[in-house]
Amino acid sequence: MRDFTAELASVQCWDQRVQAVYQATGEPAIDCVLQTRGELEDICAFIEAHRVRRYLEIGLWTGQLWCTLHALFGFDLVAGCDDGYAKRRFGLPLHTPPDGRLFRGNSRSAEYLAWRQDLGLIDLVLIDGDHNLAGVQADIDRERRLPHRFLALHDITGSNRHTVGVRQAWHALCGGQKQELLAPHREIGLEHSTMGIGIWSETERIGPAR
């Protein structure tokens, strides 16, 4: 197994600086990976173990996550959907891998659906866009009808009012295998997860929740 702790050592995740900005403004207006370091390492281990070669991320923020993952794994296909909120609201950049396939717009649009259908089978779809219940549920319902192996949701702990809808959608998701990636958010001095990644599949065994 690869040592993802070492490989990700230089990647900025949600740390004290991001937390301070979030607490002051209600928005994590920083150009970085908006995951805890432990959960980023865990999703990398999952990708490695399950031989994920085709990856789609819905809700890119500044694109640091899909760029980081693609640099580590060299996906056969790396795709992303984003409506440009971070740039509109804060003037932050959107980083894109040189061979990344980017849809700029709303994941609930007819244009996105046509684009997504053209991608074909996706091994792992990470849903991290609209965090209210209606938005998350719409992304789940659409993606589970389209060719995929695994769906993942970010922020399943619902630790604040902005992410409660993700927790509700995760607990309502049934009919398949589930795994929860929950790592202590030690970068901000906590011994519990403030985010969490839930992975679900109707077709593949992925192990028990932890």
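The values are calculated or read from the model by the stated rules, or taken from the named source; none is laboratory data. The model shown is predicted, which means the values in this text are computed figures rather than measured ones. Here the Cβ is made from the backbone with ideal geometry for all residues, glycine too, and neighbour counts use every protein chain on show.
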Q | Residue check, Arg142 over 17 Å from Val33 (Cβ atoms), out of contact with any Leu (no Cβ under 6 Å at 6 or more places or on another chain), in contact (Cβ under 8 Å) with a residue 40 or more places away in the chain and crowded, with 16+ Cβ neighbours inside 10 Å | A | no
Q. What are the residues in segment 18-36 that are more than 20 Å from Thr96 (Cα to Cα) and over 13 Å from the mean Cα position of the chain (by Cα), if any?
A. Val18, Gln19, Ala20, Val21, Tyr22, Gln23, Ala24, Thr25, Gly26, Glu27
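In segment 159-201, which residues are assigned to a loop (DSSP other than H, G, I, E, B), farther than 23 Å from Arg17 by Cα and in contact with a helix residue (DSSP H, G or I) (Cβ under 7 Å, 6 or more places away or on another chain)?
If we filter segment 159-201 for residues that are assigned to a loop (DSSP other than H, G, I, E, B), which is where we start, we get 159-163, 173-176, 182-185, 189-196.
If we keep only those that are farther than 23 Å from Arg17 by Cα too, we end up with 173-176.
The answer is Leu173, and nothing else.
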(Q) I'd like the full set of residues that are surrounded by fewer than 18 Cβ atoms within 10 Å (Cβ to Cβ) and either β-branched (Val, Ile, Thr) or closer than 19 Å to Ile43 by Cα (or both), limited to segment 145-169. (A) Val164
(Q) Out of Asp82, Asp128, Asp76, Asp118, I need the residue that is without any contact (Cβ under 8 Å) to a residue 60 or more places away in the chain and crowded, with 22+ Cβ neighbours inside 10 Å. Which one? (A) Asp82
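Kindly check whether there is at least one residue in segment 66-86 that is touching a His at 6+ places or on another chain (Cβ under 9 Å) and within 27 Å of Glu187 (Cα to Cα). Don't jump to the end; show me each part of the working.
Within segment 66-86, the subset touching a His at 6+ places or on another chain (Cβ under 9 Å) is 66-67, 78.
Checking which are within 27 Å of Glu187 (Cα to Cα) leaves us with 66-67.
Scanning segment 66-86 turns up at least one residue that is touching a His at 6+ places or on another chain (Cβ under 9 Å) and within 27 Å of Glu187 (Cα to Cα).
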Q) What tally of residues in segment 1-41 results from selecting those that are buried (at least 16 other Cβ atoms within 10 Å of the Cβ), among the β-branched types (Val, Ile, Thr) and farther than 17 Å from Phe90 by Cα? A) 2
Q | Hits in segment 17-73 (condition: aromatic (Phe, Trp, Tyr), touching a strand residue (DSSP E or B) at 6+ places or on another chain (Cβ under 9 Å) and in a helix (DSSP H, G or I)) | A | Phe46, Trp66, Phe73
Q. Is there any pair with a first residue in segment 184-200 that is touching a residue at least 40 places away in the same chain (Cβ under 8 Å) and a second that is of a type in the set (Gly, Ala, Ser) and not in a loop (DSSP other than H, G, I, E, B) whose Cβ atoms are under 6 Å apart and which are 6 or more apart or on different chains, and what are they?
A. Ile197/Ala152; Ile199/Ala152
**Q.** Qualifying residue in segment 25-42 (condition: more than 24 Å from Thr163 (Cα to Cα), among the hydrophobic types (A, V, I, L, M, F, W, C) and at pLDDT 95 or above)
**A.** no
Q. If you go through segment 95-111 one residue at a time, do you hit one that is touching a His at 6+ places or on another chain (Cβ under 7 Å), assigned to a loop (DSSP other than H, G, I, E, B) and of a type in the set (Val, Ile, Thr)?
A. no
